[in-house]
1. Full extension from Gln216 to Ala125: what is 0.36 nm times the residue separation minus their Cα-Cα distance, to one decimal in nm?
2. Modelling each spin label as a point 7 Å along the Cα-to-Cβ direction, I'd like the Lys330/Asp378 distance in nm, to one decimal.
3. Per 10 Å bin, what percent of the C-alpha pairs of region 90-137 does each bin hold, from zero upward?
4. What fraction of the Cα pairs in the chain, stated in percent, has a spacing above 36 angstrom?
5. With labels modelled as points extended 7 Å from the Cα through the Cβ direction, what inter-label distance (nm, one decimal) is found for Glu323 paired with Val347?
6. Please name whichever of Val364, Ala346, Leu380 sits farthest to the positive end of the charge dipole of region 177-381, dipole taken about the Cα centre and charges placed at Cβ: Lys and Arg +1, Asp and Glu -1.
7. Looking at the chain as a GNM with Cα springs under 10 Å, which of Asn300, Asn340, Asn143 has the largest mean-square fluctuation?
8. Springs between alpha-carbon atoms under 10 Å, Gaussian network over the chain: tell me which of Glu151, Glu279, Glu122 tops the mean-square fluctuations.
Amino acid sequence: MKYDLIIGRYGEVGLKSPRVRGRFERKLVSNIKSSIKCDIDVNQARFFIFPENFDDAVEKLDKIFGIVSYSPAISLTTDLDEIEKHLTKYIEELEKQGLIDSDTPFAVRCRRVGTHDLSSQEFAAFAGSVVVKKIGAPVDLTNPKIKIFLEVREGETYIFHEKIQGPGGLPLGTQGRLVALISSGIDSPVAAYLMMKRGCEITAIHFDNDPFAGPQVTENFKELINKLNEYASGSPIRTKIVKYGDYLQKCKDKAPEKLTCVLCKSGMYKLASEVAKREKALGIIDGSSVGQVASQTLPNILATRDNAEFPILSPLIGLDKVEIEKIAKKIGTFPISELNDGGCSAVPKYPETKANLERVHDAVEAINQSEEILKALDKLYS
Ligand SMILES: Nc1ncnc2c1ncn2[C@@H]1O[C@H](COP(=O)(O)OP(=O)(O)OP(=O)(O)O)[C@@H](O)[C@H]1O
């Protein structure tokens, strides 16, 4: 099929006040243009996208937040003879692709904006008669196997048959910046993805636990960022890597062994708070889910977040592993997270699961956490 344009639609953006909607629309247009070479007209909650390369555009629109659905379409003038001519050719193409034949129940749906001689129903009935004349397929308005859409907008008419689901959400970059703690595991990239979908730009921090973890962990993290960047058109993810081994060694040397994971996590939030200040971010994201592992019990969550200076958002907090994995597979991070990275040897044999706030405060003092975090910050690289 030779299409003329792609019609994109947004959902939630349309519920905003006109001023906010205008801002979101402009951001969405610039995000689309960042990865797709095209011209775009915006008109009444529709994006009319004229790409240089259709296949490339169809693939990339699937990863641009804010777009709820999109349809490759042909355009023509609103005139019954023109509709008959172009729709007949369109049906011929669908027949060649095996999408319609004389037995395929079909329906025409018409949406109309502006003043015309015919009502939407009359336009749909006319288009239906063209399809019947061309191919003899049966009309079935309740249970069609294929739908033909006619969108009549003043003097322009668009014909399409697909409404491809987009990722939804809000345009990236409309909600401010967050610092995301991203390991090489399954959960944290999903957490970052979900907040990107809510329009938040991301600075990703990874803690390199060498010598307690091997180089593969950091390599996997970089691969995960490459994958997440496919969804970051217009606002690529900024990355920071922290050498964290010395901090962990201090925890092991100066605090009860049992508390290593609690102090590790608490140090991450503290360091992320410093990075958030530098990055003008408004919060921190992590991949916690209540009770998933020893470090994610409610007492540990409380004890590790106690000295963070920014809100910590955990979008996976109420999801179970199967639900998280389903998202990871959908967005393509799962196979990377599944790669063996050797794990972390700093984890004690019996990690604390019911951290006591007072004892954690004592341990934080014993390791001189603030100073150690400043030292680690000095070893931050991009
Ligand atoms: N090396 C690391 N670098 C950056 N963030 C980390 C690291 N390790 C853990 N985190 C953060 O802390 C959260 C909880 O830690 P936990 O040790 O349970 O994670 P994990 O199971 O290793 O990884 P994930 O939760 O990503 O599957 C992670 O979701 C992630 O946000």
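The values are calculated or read from the model by the stated rules, or taken from the named source; none is laboratory data. These numbers come from a predicted model, not from an experiment. Cβ coordinates were reconstructed from backbone atoms using ideal geometry, including for glycine residues, and neighbour counts include every protein chain displayed. Keep in mind that these areas ignore ligands, DNA and RNA; they rest on the heavy atoms of the full protein, side chains included. Shrake-Rupley method; radii C 1.70, N 1.55, O 1.52, S 1.80 Å.
1. Details: separation 91, 0.36 × 91 = 32.76 nm, distance 6.16 nm.
Here the segment from Gln216 to Ala125 would lengthen by 26.6 nm.
2. 4.6
3. Cα pair-distance distribution for region 90-137, in percent: 26, 47, 22, 5.
4. On the way: 28527 of 72771 pairs.
Above the 36 Å cut-off, the chain has 39 percent of its Cα pairs.
5. 2.3
6. Leu380
7. Asn143
8. Glu122
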